[in-house]
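A short worksheet on the structure shown next.
Derivation of every value follows stated rules applied to the coordinates shown; laboratory data play no part. As the structure is a prediction and not an experimental result, all values here were calculated from the model. Here the Cβ positions follow ideal geometry from the backbone for every residue, glycine too, while neighbour counts run over all protein chains shown.
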Amino acid sequence: MPYKSIDDRLAASNYRLTRQRKAVLDVMRENLSCHLTAEEVLFKARQKVPHIGIATVYRTLERLASMQVLYKTLLDGGKYRYEISVQEDHQHHHIICVACNRIFEVEETLLDSLEKHLEEQGFAIVDHQLKIYAYCPDCKTQQV
């Protein structure tokens, strides 16, 4: 499927952007490459729409993820994190620092050869996610 802009995806889904939904989407657009929890989105969205509720934020995030406007990833402590989707087939992985909990993205397609090998074995790969837990460079120097 060819790349579609966020606005194209919204239009194709006939998704009406209410003031509250727009606040959630604006928060995500303003925080590119950030992996926000629903609570973090709520905090930032309330700066735009003070009376927005957590249920609205959750519903909006879930709907935007189902339209591939956002990526939804389970990263730490059983909480989902959301980030803006830049393209439909983009696959990236995460390194999570065990000391400071910062999340770093790994853009390399390191698992492509593994997927190809598995497909040759008869598997039909649907998706994959890779999470690596490590000390980031800053925290590593503090551990020594």
Seminar exercise, completed: Here Rg/Rh (Cα, Kirkwood) for the stretch 1-81 equals 0.95
Exercise. Among Ala124, Ala99, Ala11, which one shows the biggest mean-square fluctuation in a GNM of the chain, springs joining Cα atoms closer than 10 Å?
Worked result: Ala124
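Run the numbers for Asp7 and Phe104: contour at 0.36 nm per residue of separation, minus the present Cα-Cα distance, in nm. Before the final figure, lay out each step's value.
On the way: separation 97, 0.36 × 97 = 34.92 nm, distance 2.70 nm.
Between Asp7 and Phe104, full extension yields an extra 32.2 nm.
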For this session: Return the sequence-ordered ³J(HN,Hα) values of the stretch 114-121 in whole Hz as given by the Karplus equation 6.51 cos²θ - 1.76 cosθ + 1.60 applied to θ = phi - 60°, using x for Gly and Pro.
Result: 5, 4, 4, 4, 5, 5, 5, 7
Problem set entry | Cβ-based charge dipole, the chain, positive-most Cα from His94, Cys139, Val69 | Val69
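Pairwise over distinct Cα atoms, reciprocal of the mean inverse distance: report the Kirkwood radius of the chain in Å, one decimal place.
17.0 Å
Test of understanding: given the chain, find the longest segment containing no trypsin sites (Lys or Arg not before Pro) that are in a DSSP loop and have at most 14 other Cβ atoms within 10 Å.
17-101
How large is the dipole of the chain about the Cα centre if only Lys and Arg carry +1 and Asp and Glu carry -1, each at its Cβ, rounded to the nearest 20 debye?
Numbers: 19 positive and 20 negative charges, 209 e Å.
That gives a dipole near 1000 debye.
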Exercise. At Arg29 and Lys140, where each label point lies 7 Å from the Cα along Cα→Cβ, what is the point-to-point distance in nanometres?
Worked result: 3.8 nm
For this session: In a Gaussian network model over the chain where Cα atoms closer than 10 Å are linked, find which of Glu62, Glu119, Glu83 has the largest mean-square fluctuation.
Result: Glu119
